[in-house]
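Have a look at the structure below, then the notes.
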Amino acid sequence: MPRFKQGPRCALDPAGPCRQDHCPGSQADCRFITRMDRNALYLTYDDGPNGDTTLRLLDLLDRENAHATFFVSGESMTTASDAAIIRATAAHHHTIGNHGLRHLPNVCPEFCTMARRLWEECSVATTLIRPPFGSRCAANNVLRTHRSAVGLGWSLAFSDWLPVDLDEAKAQAEAQVAPGTIVLLHDGVAPGSRYADRSQVLPLTQLLVRVARDQGLSLESIPSDLHRYGNR
Ligand SMILES: [Zn+2]
Ligand SMILES: [Zn+2]
């Protein structure tokens, strides 16, 4: 396991110096991926951990022999049991991604501070970031200043922070799932969300597993050290 210390090195980028968090906005052409170049489907879950919902999701993924990526938020990581769920998620061979310490419009996500908390409280090292609201501005600043960081967007989403019609979601998934598709889902609840019931993530996951199997696709987690592997 690498050791990260406070000071010039940052847990988000073992290879380079931390130039601290701030969000000036940037047109930088950065490493931001919305699709993987592999023959698999990539389920990603944002805004957790979320107690029993996340734990039931881990059970479902285990039963289906599926792996996924969880972009956890500092807003949802407030107690020791939240950190324990993140450690359990990693222990089930899923990838943990960094969704920032803060999740508010026009507020810096503070990815570096979140990376340090993930390392210190969960023994998790990840260079994957997903900015709140998919904000490329917030991602670009971190990607410019951290050589190892990789930004993750998505290629399929269901607006599942609101109630989802599962028949419509099934039709959309059948039309849009392809090799390398990254799916945005939500097991957690961001601050200010009008709709807090995330139990629909279970049937949504189940139908995506079925669509993937029908296409001969395995369900894989995104490597937490994607910067070493590269992508197109
Ligand atoms: Zn940093
Ligand atoms: Zn989010």
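The values are calculated or read from the model by the stated rules, or taken from the named source; none is laboratory data. All of these numbers come straight from a predicted model, not from anything done at the bench. Quick reminder, even Gly has a Cβ in these numbers, built from the backbone with ideal geometry, and neighbours come from all protein chains shown.
For the stretch 191-216, enumerate the residues that are polar (S, T, N, Q) and modelled with pLDDT of 95 or more. Break it down into steps so the answer makes sense when it comes.
Residues of the stretch 191-216 polar (S, T, N, Q): 193, 199-200, 205-206, 215.
Residues satisfying the conditions are Ser199, Gln200, Thr205, Gln206, Gln215.
Determine, yes or no, whether Ser193 is under 15 Å from Gly100 (Cα atoms) and either more than 16 Å from ligand 1 (Cβ to nearest atom) or without any contact (Cβ under 8 Å) to a residue 24 or more places away in the chain (or both).
Numbers: under 15 Å from Gly100 (Cα atoms): no; either more than 16 Å from ligand 1 (Cβ to nearest atom) or without any contact (Cβ under 8 Å) to a residue 24 or more places away in the chain (or both): yes.
Here the answer is no, as Ser193 does not meet what is asked.
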_Per-region count, the stretch 67-117, residues closer than 21 Å to Glu220 by Cα, touching a residue at least 40 places away in the same chain (Cβ under 8 Å) and not polar (S, T, N, Q)_ = 10
_Filter the stretch 60-86 down to the residues that are over 23 Å from Arg102 (Cα atoms) and either within 16 Å of ligand 2 (Cβ to nearest atom) or buried (at least 20 other Cβ atoms within 10 Å of the Cβ) (or both) and list them by number._
Leu61, Ala66
*Is it true that His227 is within 16 Å of ligand 1 (Cβ to nearest atom), in contact with a strand residue (DSSP E or B) (Cβ under 7 Å, 6 or more places away or on another chain) and closer than 26 Å to Val150 by Cβ?*
yes
*Just wondering, is there one or more residues in the stretch 132-143 that are away from ligand 2 (no atom under 15 Å from the Cβ), among the hydrophobic types (A, V, I, L, M, F, W, C) and free of Cβ contacts under 8 Å to residues at least 60 places away in the same chain?*
no
*Looking at the stretch 48-59, is at least one residue modelled with pLDDT under 95, within 25 Å of Leu217 (Cβ to Cβ) and surrounded by fewer than 20 Cβ atoms within 10 Å (Cβ to Cβ)?*
no
*asked:* Just to verify a result, which residue in the stretch 182-199, among those that are surrounded by fewer than 12 Cβ atoms within 10 Å (Cβ to Cβ) and more than 19 Å from Leu166 (Cα to Cα), is nearest to the chain's Cα centre (by Cα)?
replied: Gly192
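Using the structure shown, decide if Asp225 is touching a residue at least 60 places away in the same chain (Cβ under 8 Å) and either surrounded by fewer than 18 Cβ atoms within 10 Å (Cβ to Cβ) or more than 24 Å from Leu101 (Cα to Cα) (or both).
Working: touching a residue at least 60 places away in the same chain (Cβ under 8 Å): yes; either surrounded by fewer than 18 Cβ atoms within 10 Å (Cβ to Cβ) or more than 24 Å from Leu101 (Cα to Cα) (or both): yes.
Yes.
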